[in-house]
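Peer 1: Submitted below is the structure of interest, expressed as C-alpha coordinates.
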Amino acid sequence: MPKTSKIHSTSSRPKEVTRSDNENLVYVCCRCSKHYKRQKNNFPASQSPIYKGNGGYLPICNECLEELLTHYKSVLGNEKAAMKRICMKFDIYWNTEIYAMLGNEYTNASRIRGYISKTNLIKYVGKTYDDTLDEEKLTFVDSGLTDSESAEGSNEKDKTPIDESVIRYWGLGYPPEMYRALEARRAYWMSLYPEGTVLSTGEDAILRQICNLEIKINKDMAADNPIEKSVNSLNNLLGSMNIKPSQQRDLDDNYIPFGVEIGKFEDDYPIEPDPDFEDVDGIHHNIMAWFLGPLCKTSGIKNMYSDLFEEELKKYTVQRPKYEDDEVAEDSDDETAGDL
Ligand SMILES: [Zn+2]
(Lines give C-alpha, C1' and ligand atoms only; values in the text may rest on other atoms or scores of the structure.)
Protein backbone atom coordinates (compact mmCIF):
# COMPACT_ATOMS: atom_id res chain seq x y z
CA MET A 1 0.00 0.00 0.00
CA PRO A 2 1.48 3.38 -0.91
CA LYS A 3 2.47 5.64 1.89
CA THR A 4 0.10 8.57 2.09
CA SER A 5 0.60 11.88 3.87
CA LYS A 6 -1.77 13.33 6.43
CA ILE A 7 -3.32 15.31 3.70
CA HIS A 8 -5.14 12.56 1.91
CA SER A 9 -5.14 14.15 -1.47
CA THR A 10 -1.40 13.57 -1.98
CA SER A 11 0.62 10.34 -2.36
CA SER A 12 4.27 9.21 -2.36
CA ARG A 13 3.65 7.60 -5.71
CA PRO A 14 5.10 9.53 -8.64
CA LYS A 15 2.61 11.36 -10.73
CA GLU A 16 2.26 9.72 -14.14
CA VAL A 17 4.46 11.51 -16.63
CA THR A 18 2.90 12.36 -19.93
CA ARG A 19 4.68 13.13 -23.18
CA SER A 20 3.60 16.73 -23.01
CA ASP A 21 5.28 17.12 -19.60
CA ASN A 22 8.49 15.83 -21.08
CA GLU A 23 8.47 18.03 -24.07
CA ASN A 24 10.19 20.85 -22.30
CA LEU A 25 12.85 18.59 -20.80
CA VAL A 26 16.22 18.16 -22.41
CA TYR A 27 17.31 14.78 -23.71
CA VAL A 28 20.66 13.55 -22.47
CA CYS A 29 22.97 11.28 -24.45
CA CYS A 30 23.82 8.40 -22.14
CA ARG A 31 27.32 8.17 -23.58
CA CYS A 32 28.60 11.74 -23.82
CA SER A 33 26.04 13.46 -21.48
CA LYS A 34 25.38 16.11 -24.09
CA HIS A 35 21.93 17.70 -23.67
CA TYR A 36 19.50 18.04 -26.55
CA LYS A 37 16.12 19.74 -26.75
CA ARG A 38 14.69 17.28 -29.21
CA GLN A 39 15.28 13.61 -29.90
CA LYS A 40 14.42 13.93 -33.57
CA ASN A 41 17.52 14.52 -35.73
CA ASN A 42 19.73 14.20 -32.66
CA PHE A 43 19.18 10.56 -31.74
CA PRO A 44 18.79 7.63 -34.13
CA ALA A 45 15.28 6.19 -34.35
CA SER A 46 14.92 2.55 -33.40
CA GLN A 47 12.55 -0.32 -34.25
CA SER A 48 13.51 -2.24 -31.14
CA PRO A 49 10.91 -2.64 -28.36
CA ILE A 50 13.77 -2.14 -25.89
CA TYR A 51 13.77 1.59 -26.69
CA LYS A 52 10.01 2.01 -26.95
CA GLY A 53 9.89 3.76 -23.56
CA ASN A 54 12.56 6.15 -24.80
CA GLY A 55 10.24 7.43 -27.49
CA GLY A 56 11.57 4.91 -29.99
CA TYR A 57 15.04 6.48 -30.08
CA LEU A 58 18.41 5.05 -29.16
CA PRO A 59 19.85 6.52 -25.94
CA ILE A 60 23.08 7.63 -27.61
CA CYS A 61 23.29 10.65 -29.83
CA ASN A 62 24.14 10.70 -33.55
CA GLU A 63 27.60 12.09 -32.84
CA CYS A 64 28.40 9.22 -30.49
CA LEU A 65 27.07 6.74 -33.00
CA GLU A 66 29.46 8.07 -35.61
CA GLU A 67 32.34 7.91 -33.15
CA LEU A 68 31.48 4.30 -32.44
CA LEU A 69 31.48 3.51 -36.14
CA THR A 70 34.94 5.01 -36.51
CA HIS A 71 36.13 3.01 -33.50
CA TYR A 72 34.79 -0.32 -34.77
CA LYS A 73 36.08 0.36 -38.25
CA SER A 74 39.60 0.64 -36.90
CA VAL A 75 39.19 -2.39 -34.65
CA LEU A 76 37.46 -4.74 -37.07
CA GLY A 77 39.17 -3.54 -40.20
CA ASN A 78 36.16 -2.78 -42.38
CA GLU A 79 33.00 -0.70 -42.38
CA LYS A 80 30.62 -3.57 -42.98
CA ALA A 81 31.79 -5.49 -39.93
CA ALA A 82 31.74 -2.27 -37.89
CA MET A 83 28.13 -1.54 -38.84
CA LYS A 84 27.10 -5.07 -38.04
CA ARG A 85 28.73 -4.75 -34.63
CA ILE A 86 26.80 -1.54 -33.90
CA CYS A 87 23.56 -3.24 -34.98
CA MET A 88 24.36 -6.06 -32.58
CA LYS A 89 24.99 -3.59 -29.77
CA PHE A 90 21.84 -1.56 -30.23
CA ASP A 91 19.44 -4.27 -31.40
CA ILE A 92 19.21 -2.86 -34.92
CA TYR A 93 18.21 -5.15 -37.79
CA TRP A 94 21.27 -6.11 -39.85
CA ASN A 95 20.90 -7.16 -43.47
CA THR A 96 23.49 -6.92 -46.25
CA GLU A 97 20.66 -5.94 -48.61
CA ILE A 98 20.17 -2.70 -46.65
CA TYR A 99 23.91 -2.15 -46.51
CA ALA A 100 24.08 -2.47 -50.30
CA MET A 101 21.38 0.23 -50.60
CA LEU A 102 23.75 2.77 -49.07
CA GLY A 103 25.88 2.84 -52.18
CA ASN A 104 27.88 6.04 -52.35
CA GLU A 105 24.95 8.08 -51.22
CA TYR A 106 26.29 9.11 -47.84
CA THR A 107 29.44 10.71 -46.58
CA ASN A 108 31.69 8.49 -44.60
CA ALA A 109 30.58 9.67 -41.16
CA SER A 110 26.86 9.62 -41.73
CA ARG A 111 26.75 6.18 -43.33
CA ILE A 112 25.70 4.52 -40.09
CA ARG A 113 22.87 7.05 -39.74
CA GLY A 114 21.97 6.32 -43.33
CA TYR A 115 21.90 2.63 -42.57
CA ILE A 116 19.69 3.10 -39.52
CA SER A 117 17.28 5.34 -41.38
CA LYS A 118 16.94 2.58 -44.03
CA THR A 119 16.12 -0.01 -41.35
CA ASN A 120 13.13 2.21 -40.54
CA LEU A 121 11.69 1.76 -44.04
CA ILE A 122 8.23 0.15 -44.11
CA LYS A 123 9.76 -3.07 -45.48
CA TYR A 124 11.78 -3.58 -42.31
CA VAL A 125 9.32 -2.27 -39.74
CA GLY A 126 9.53 -4.07 -36.41
CA LYS A 127 12.73 -5.91 -37.32
CA THR A 128 15.56 -6.08 -34.79
CA TYR A 129 18.86 -7.89 -34.45
CA ASP A 130 16.85 -10.89 -33.22
CA ASP A 131 15.52 -11.22 -36.77
CA THR A 132 19.07 -11.05 -38.09
CA LEU A 133 20.07 -13.93 -35.82
CA ASP A 134 17.02 -15.98 -36.82
CA GLU A 135 17.63 -15.37 -40.51
CA GLU A 136 21.31 -16.28 -40.27
CA LYS A 137 20.50 -19.46 -38.42
CA LEU A 138 17.86 -20.43 -40.96
CA THR A 139 20.03 -19.77 -43.97
CA PHE A 140 22.93 -21.87 -42.86
CA VAL A 141 20.92 -24.72 -41.39
CA ASP A 142 18.88 -25.01 -44.57
CA SER A 143 21.39 -24.47 -47.30
CA GLY A 144 24.78 -23.87 -45.76
CA LEU A 145 24.80 -20.40 -47.29
CA THR A 146 24.66 -17.32 -45.19
CA ASP A 147 24.42 -13.61 -45.33
CA SER A 148 27.07 -13.27 -42.72
CA GLU A 149 29.45 -15.19 -44.93
CA SER A 150 29.05 -12.76 -47.75
CA ALA A 151 29.06 -10.01 -45.15
CA GLU A 152 32.68 -10.88 -44.44
CA GLY A 153 33.33 -10.38 -48.14
CA SER A 154 34.08 -14.04 -48.79
CA ASN A 155 31.75 -15.04 -51.61
CA GLU A 156 34.34 -17.34 -53.11
CA LYS A 157 34.44 -19.64 -50.13
CA ASP A 158 33.36 -23.28 -49.98
CA LYS A 159 29.58 -23.43 -50.14
CA THR A 160 28.95 -27.07 -49.26
CA PRO A 161 26.27 -27.27 -46.57
CA ILE A 162 27.36 -27.76 -43.00
CA ASP A 163 26.33 -31.13 -41.66
CA GLU A 164 23.70 -30.94 -38.94
CA SER A 165 25.74 -33.18 -36.65
CA VAL A 166 28.59 -30.68 -36.92
CA ILE A 167 26.28 -27.84 -35.89
CA ARG A 168 24.97 -29.92 -33.00
CA TYR A 169 28.54 -30.65 -31.90
CA TRP A 170 29.79 -27.04 -31.89
CA GLY A 171 26.49 -25.37 -31.03
CA LEU A 172 24.22 -23.09 -33.05
CA GLY A 173 24.99 -19.57 -34.14
CA TYR A 174 28.33 -19.72 -35.94
CA PRO A 175 28.79 -18.77 -39.59
CA PRO A 176 29.60 -21.77 -41.83
CA GLU A 177 33.20 -20.62 -42.21
CA MET A 178 33.64 -20.98 -38.46
CA TYR A 179 32.24 -24.53 -38.46
CA ARG A 180 34.69 -25.44 -41.22
CA ALA A 181 37.59 -23.93 -39.33
CA LEU A 182 36.57 -25.70 -36.11
CA GLU A 183 36.18 -29.04 -37.90
CA ALA A 184 39.60 -28.61 -39.48
CA ARG A 185 41.17 -28.07 -36.07
CA ARG A 186 39.34 -31.07 -34.63
CA ALA A 187 40.49 -33.25 -37.53
CA TYR A 188 44.08 -32.12 -36.93
CA TRP A 189 44.03 -33.01 -33.23
CA MET A 190 42.30 -36.31 -33.82
CA SER A 191 44.92 -37.24 -36.42
CA LEU A 192 47.48 -37.22 -33.60
CA TYR A 193 45.66 -40.06 -31.87
CA PRO A 194 45.74 -43.66 -33.07
CA GLU A 195 43.03 -44.31 -35.62
CA GLY A 196 39.64 -45.14 -34.17
CA THR A 197 40.33 -43.39 -30.84
CA VAL A 198 37.13 -42.34 -29.12
CA LEU A 199 37.62 -39.49 -26.67
CA SER A 200 35.89 -39.54 -23.30
CA THR A 201 33.23 -36.90 -22.66
CA GLY A 202 35.70 -34.87 -20.60
CA GLU A 203 38.45 -34.99 -23.22
CA ASP A 204 35.96 -34.13 -25.91
CA ALA A 205 34.83 -31.03 -24.02
CA ILE A 206 38.45 -29.92 -23.56
CA LEU A 207 39.23 -30.50 -27.23
CA ARG A 208 36.21 -28.41 -28.23
CA GLN A 209 37.53 -25.51 -26.13
CA ILE A 210 41.04 -25.94 -27.52
CA CYS A 211 39.76 -25.66 -31.10
CA ASN A 212 37.67 -22.60 -30.26
CA LEU A 213 40.58 -20.89 -28.51
CA GLU A 214 43.00 -21.58 -31.34
CA ILE A 215 40.70 -19.88 -33.80
CA LYS A 216 40.06 -16.98 -31.41
CA ILE A 217 43.81 -16.48 -30.97
CA ASN A 218 44.35 -16.46 -34.74
CA LYS A 219 41.59 -13.90 -35.20
CA ASP A 220 42.87 -11.73 -32.35
CA MET A 221 46.38 -11.85 -33.71
CA ALA A 222 45.15 -10.77 -37.12
CA ALA A 223 43.21 -7.88 -35.55
CA ASP A 224 46.14 -6.89 -33.30
CA ASN A 225 44.14 -7.62 -30.15
CA PRO A 226 45.83 -8.86 -26.98
CA ILE A 227 46.14 -12.66 -26.94
CA GLU A 228 48.05 -13.36 -23.69
CA LYS A 229 44.99 -14.45 -21.74
CA SER A 230 43.78 -16.77 -24.48
CA VAL A 231 47.24 -18.26 -24.89
CA ASN A 232 47.43 -18.98 -21.15
CA SER A 233 44.03 -20.64 -21.19
CA LEU A 234 45.05 -22.65 -24.22
CA ASN A 235 48.21 -23.85 -22.48
CA ASN A 236 46.18 -24.91 -19.46
CA LEU A 237 43.76 -26.80 -21.65
CA LEU A 238 46.57 -28.50 -23.53
CA GLY A 239 48.04 -29.49 -20.18
CA SER A 240 44.79 -31.03 -19.08
CA MET A 241 44.46 -32.80 -22.40
CA ASN A 242 47.94 -34.35 -22.24
CA ILE A 243 48.26 -35.22 -18.60
CA LYS A 244 44.95 -35.99 -17.04
CA PRO A 245 43.29 -38.00 -19.79
CA SER A 246 46.42 -40.03 -20.57
CA GLN A 247 46.75 -41.02 -16.92
CA GLN A 248 43.20 -42.20 -17.11
CA ARG A 249 43.96 -44.24 -20.21
CA ASP A 250 46.97 -45.90 -18.57
CA LEU A 251 44.82 -47.11 -15.72
CA ASP A 252 42.06 -48.34 -17.94
CA ASP A 253 43.74 -49.91 -20.95
CA ASN A 254 47.51 -50.09 -20.77
CA TYR A 255 47.98 -51.26 -17.19
CA ILE A 256 49.97 -54.52 -17.09
CA PRO A 257 51.01 -56.07 -13.75
CA PHE A 258 54.78 -56.13 -13.19
CA GLY A 259 55.08 -59.92 -13.25
CA VAL A 260 53.15 -60.21 -16.49
CA GLU A 261 55.37 -57.62 -18.08
CA ILE A 262 58.55 -59.49 -17.01
CA GLY A 263 57.00 -62.71 -18.32
CA LYS A 264 56.31 -61.11 -21.70
CA PHE A 265 59.85 -59.82 -21.82
CA GLU A 266 61.35 -63.18 -20.89
CA ASP A 267 59.41 -64.89 -23.66
CA ASP A 268 60.96 -62.66 -26.29
CA TYR A 269 64.40 -61.94 -24.85
CA PRO A 270 65.15 -64.46 -22.14
CA ILE A 271 68.12 -63.76 -19.89
CA GLU A 272 70.91 -66.22 -20.61
CA PRO A 273 73.13 -66.44 -17.54
CA ASP A 274 76.84 -66.97 -17.65
CA PRO A 275 77.52 -70.74 -17.23
CA ASP A 276 79.52 -69.95 -14.07
CA PHE A 277 76.41 -68.58 -12.47
CA GLU A 278 73.96 -71.11 -13.82
CA ASP A 279 72.40 -73.05 -10.92
CA VAL A 280 75.35 -72.47 -8.65
CA ASP A 281 74.01 -74.42 -5.66
CA GLY A 282 72.09 -77.01 -7.67
CA ILE A 283 68.74 -75.88 -6.35
CA HIS A 284 67.26 -75.70 -9.84
CA HIS A 285 68.38 -79.25 -10.59
CA ASN A 286 67.23 -80.55 -7.20
CA ILE A 287 63.79 -79.03 -7.55
CA MET A 288 63.36 -80.55 -10.99
CA ALA A 289 64.77 -83.94 -10.11
CA TRP A 290 63.47 -84.41 -6.60
CA PHE A 291 60.28 -82.39 -6.54
CA LEU A 292 58.78 -82.02 -10.02
CA GLY A 293 60.13 -85.42 -11.10
CA PRO A 294 58.48 -87.56 -8.39
CA LEU A 295 55.36 -85.42 -8.63
CA CYS A 296 55.03 -86.16 -12.34
CA LYS A 297 55.92 -89.80 -11.90
CA THR A 298 53.38 -90.44 -9.17
CA SER A 299 50.77 -88.64 -11.25
CA GLY A 300 51.59 -90.98 -14.11
CA ILE A 301 52.96 -88.21 -16.31
CA LYS A 302 55.89 -89.14 -18.50
CA ASN A 303 57.99 -86.10 -19.24
CA MET A 304 61.50 -84.63 -18.87
CA TYR A 305 61.00 -84.22 -15.12
CA SER A 306 60.00 -87.82 -14.51
CA ASP A 307 62.90 -88.99 -16.72
CA LEU A 308 65.26 -86.80 -14.79
CA PHE A 309 63.93 -88.24 -11.54
CA GLU A 310 64.47 -91.81 -12.75
CA GLU A 311 67.97 -91.04 -13.95
CA GLU A 312 68.81 -89.44 -10.66
CA LEU A 313 67.26 -92.28 -8.74
CA LYS A 314 69.41 -94.78 -10.61
CA LYS A 315 72.53 -93.22 -9.13
CA TYR A 316 71.37 -94.18 -5.68
CA THR A 317 69.68 -97.46 -6.45
CA VAL A 318 71.42 -100.47 -5.07
CA GLN A 319 71.28 -103.28 -7.58
CA ARG A 320 70.87 -106.76 -6.24
CA PRO A 321 74.28 -108.26 -6.95
CA LYS A 322 74.14 -110.86 -9.68
CA TYR A 323 75.88 -114.06 -8.93
CA GLU A 324 76.91 -116.23 -11.85
CA ASP A 325 74.65 -119.18 -12.09
CA ASP A 326 75.91 -122.68 -12.09
CA GLU A 327 74.78 -122.88 -15.60
CA VAL A 328 77.51 -120.53 -16.66
CA ALA A 329 80.40 -122.36 -18.24
CA GLU A 330 83.23 -123.19 -15.91
CA ASP A 331 85.84 -121.74 -18.25
CA SER A 332 84.25 -118.35 -17.88
CA ASP A 333 84.62 -118.77 -14.16
CA ASP A 334 88.21 -119.55 -14.74
CA GLU A 335 88.60 -116.54 -16.88
CA THR A 336 87.30 -114.36 -14.12
CA ALA A 337 89.60 -115.90 -11.67
CA GLY A 338 92.43 -115.53 -14.11
CA ASP A 339 91.62 -111.80 -14.49
CA LEU A 340 91.80 -111.31 -10.78
ZN1 LIG B 1 26.51 11.42 -27.28
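The values are calculated or read from the model by the stated rules, or taken from the named source; none is laboratory data. Just so we're clear, the structure is a prediction, and the values are computed from it rather than from any experiment. Note that we place each Cβ from the backbone using ideal geometry, even for glycine, and neighbour counts take in every protein chain shown.
Peer 1: With the structure loaded, tell me whether LYS216 is closer than 29 Å to LYS73 by Cα, part of a helix (DSSP H, G or I) and touching a Ser or Thr at 6+ places or on another chain (Cβ under 7 Å) or whether it fails that test.
Peer 2: Details: closer than 29 Å to LYS73 by Cα: yes; part of a helix (DSSP H, G or I): yes; touching a Ser or Thr at 6+ places or on another chain (Cβ under 7 Å): yes.
Yes.
Peer 1: Is the stretch 68-77 home to any residue that is in a loop (DSSP other than H, G, I, E, B), more than 14 Å from TYR115 (Cα to Cα) and within 12 Å of the ligand (Cβ to nearest atom)?
Peer 2: No; the residues of the stretch 68-77 include none that is in a loop (DSSP other than H, G, I, E, B), more than 14 Å from TYR115 (Cα to Cα) and within 12 Å of the ligand (Cβ to nearest atom).
Peer 1: Additional query: What helices (runs of 4 or more DSSP H) lie completely within the stretch 128-190 and have 1 or more residues being surrounded by 15 or more Cβ atoms within 10 Å (Cβ to Cβ) and modelled with pLDDT under 75?
Peer 2: By residue number, 129-142, 147-151.
Peer 1: Just one of (1) at pLDDT below 90; (2) within 16 Å of the ligand (Cβ to nearest atom); (3) under 27 Å from LEU121 (Cβ atoms) trips up VAL26, so point out which.
Peer 2: (3) is the only condition that VAL26 fails.
Peer 1: Same structure again: Quickly run through the stretch 78-94 and pick out the residues that are within 15 Å of the ligand (Cβ to nearest atom) and free of Cβ contacts under 8 Å to residues at least 24 places away in the same chain.
Peer 2: Selection gives LYS89 alone.
Peer 1: What is the one condition in (1) at pLDDT 85 or above; (2) exposed (fewer than 10 other Cβ atoms within 10 Å of the Cβ) that THR298 does not satisfy?
Peer 2: The failed condition is (2).
Peer 1: Could you list all residues from the stretch 191-213 that are out of contact with any helix residue (DSSP H, G or I) (no Cβ under 7 Å at 6 or more places or on another chain), of a type in the set (Asp, Glu) and either farther than 21 Å from ASP163 by Cα or not in a helix (DSSP H, G or I) (or both)?
Peer 2: GLU195
Peer 1: If I ask for residues that are among the hydrophobic types (A, V, I, L, M, F, W, C) and either at pLDDT below 85 or crowded, with 17+ Cβ neighbours inside 10 Å (or both), which ones from the stretch 204-214 would you list?
Peer 2: Once the filter is applied, which keeps residues that are among the hydrophobic types (A, V, I, L, M, F, W, C) and either at pLDDT below 85 or crowded, with 17+ Cβ neighbours inside 10 Å (or both), the stretch 204-214 yields ILE206, LEU207, ILE210, CYS211, LEU213.
Peer 1: Applying the selection to the stretch 34-62, what residues are within 15 Å of the ligand (Cβ to nearest atom), assigned to a helix (DSSP H, G or I) and surrounded by fewer than 16 Cβ atoms within 10 Å (Cβ to Cβ)?
Peer 2: ASN54
Peer 1: Just one of the numbered conditions (1) on the phi < 0 side of the Ramachandran plot; (2) more than 12 Å from the ligand (Cβ to nearest atom); (3) surrounded by 13 or more Cβ atoms within 10 Å (Cβ to Cβ) is not true of ARG31; which one?
Peer 2: Every condition holds for ARG31 apart from (2).
Peer 1: Please go through (1) hydrophobic (A, V, I, L, M, F, W, C); (2) farther than 23 Å from GLU135 by Cα; (3) not in a loop (DSSP other than H, G, I, E, B) for MET101 and return the number of the only condition it doesn't satisfy.
Peer 2: Evaluating MET101 over (1) hydrophobic (A, V, I, L, M, F, W, C); (2) farther than 23 Å from GLU135 by Cα; (3) not in a loop (DSSP other than H, G, I, E, B) leaves (2) as the failure.
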